[in-house]
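To start, the structure under review is shown below, and the notes come after it.
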Amino acid sequence: MAKSIVVLISGRGSNMEAIVEACAREGWDARVSAVISNRADAAGLAYAAARGIATAVVDHRAFASREAFDAALARAIDAHAPDLLLLAGFMRILTPGFVQRYEGRLLNIHPSLLPLFPGLHTHRRALDAGCKAAGATVHFVTAELDHGPIVAQAVVPVLAGDDEDALGARVLAREHVLYPLAVRWFVQDALRIEGGVVRQLTGEAQLLL
């Protein structure tokens, strides 16, 4: 039976688009069942709806607490019985209870080479630190922000004259390759976590250069 994937977004959802397109192009035994946002104006909702994917909005501003929002969000997610839940530019910090609910089937992509530069402004921080390489990381989500077992990473060079926008665009282009790759591995049951380390079981490289 095809695996059900639910994607959480807050904006244009370009990584969500890359995953939807890779799923169709590569014929995964999976489907993106729903795209859910905490913002009604998230551009990615229109993209999903135009492709017949269910959409929903759970506005965080309507809830008095983070826990209440997460409970409502979980109800919207669980309506689609997901085998895999993806964070794709979802700009909310999730409660430990929510993360535990989806443990082992919740992935995120972060625009740095974790454990370097968790949190925001990753490209600025990489430039300020004089890094010669930057990149992106797909990881299983744990209660600690931008931590958790690393599935795959992509590296890009930091070039002379780079600013945040230039470096960010170069990293994002690799994210659009990296995230679908990691999702495909999950769909194919090709990932195993051993001692906090993710092993890829079919021999494909977990580092993209």
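The values are calculated or read from the model by the stated rules, or taken from the named source; none is laboratory data. This one's a predicted model, so the numbers in the text were calculated from it and none came from an experiment. Quick reminder, even Gly has a Cβ in these numbers, built from the backbone with ideal geometry, and neighbours come from all protein chains shown.
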### Query
Does any residue of region 18-37 turn out to be of a type in the set (A, V, I, L, M, F, W, C) and free of Cβ contacts under 8 Å to residues at least 12 places away in the same chain?
yes
### Query
Would you say Asp59 is over 18 Å from Pro82 (Cβ atoms) and surrounded by fewer than 16 Cβ atoms within 10 Å (Cβ to Cβ)?
yes
### Query
With Val177, Val156 as the choices, which residue is more than 15 Å from the chain's Cα centre (by Cα) and hydrophobic (A, V, I, L, M, F, W, C)?
Val156
### Task
Test Val6 against the stated conditions and say whether it is under 27 Å from Pro149 (Cα atoms) and in contact with a strand residue (DSSP E or B) (Cβ under 8 Å, 6 or more places away or on another chain).
yes
### Query
Considering Leu94, Leu114, which residue is surrounded by 14 or more Cβ atoms within 10 Å (Cβ to Cβ) and in contact with a strand residue (DSSP E or B) (Cβ under 7 Å, 6 or more places away or on another chain)?
Leu114
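Here are Asp78, Asp70: which of them is at pLDDT 95 or above, loosely packed, with under 14 Cβ neighbours inside 10 Å and of a type in the set (D, E, K, R)?
So the residue among Asp78, Asp70 that is at pLDDT 95 or above, loosely packed, with under 14 Cβ neighbours inside 10 Å and of a type in the set (D, E, K, R) is Asp78.
Do you know which of the residues in region 123-138 that are free of Cβ contacts under 8 Å to residues at least 40 places away in the same chain and not in a loop (DSSP other than H, G, I, E, B) is nearest to Ile9 (Cα to Cα)?
Here is the first cut: in region 123-138, the ones free of Cβ contacts under 8 Å to residues at least 40 places away in the same chain are 125, 128-135, 137.
Applying the additional criterion that residues be not in a loop (DSSP other than H, G, I, E, B) yields 125, 128, 133-135, 137.
Numbers: Arg125: 24, Asp128: 28, Ala133: 27, Ala134: 23, Gly135: 20, Thr137: 17 Å.
Top of the filtered list is Thr137.
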### Filtered residues of region 184-205 (kept if part of a loop (DSSP other than H, G, I, E, B), in contact with a strand residue (DSSP E or B) (Cβ under 7 Å, 6 or more places away or on another chain) and farther than 19 Å from Cys23 by Cα)
Leu201
### Summary
All-but-one check, Val155 against (1) buried (at least 16 other Cβ atoms within 10 Å of the Cβ); (2) closer than 30 Å to Ala24 by Cβ; (3) touching a Gly at 6+ places or on another chain (Cβ under 7 Å), failing number (1)
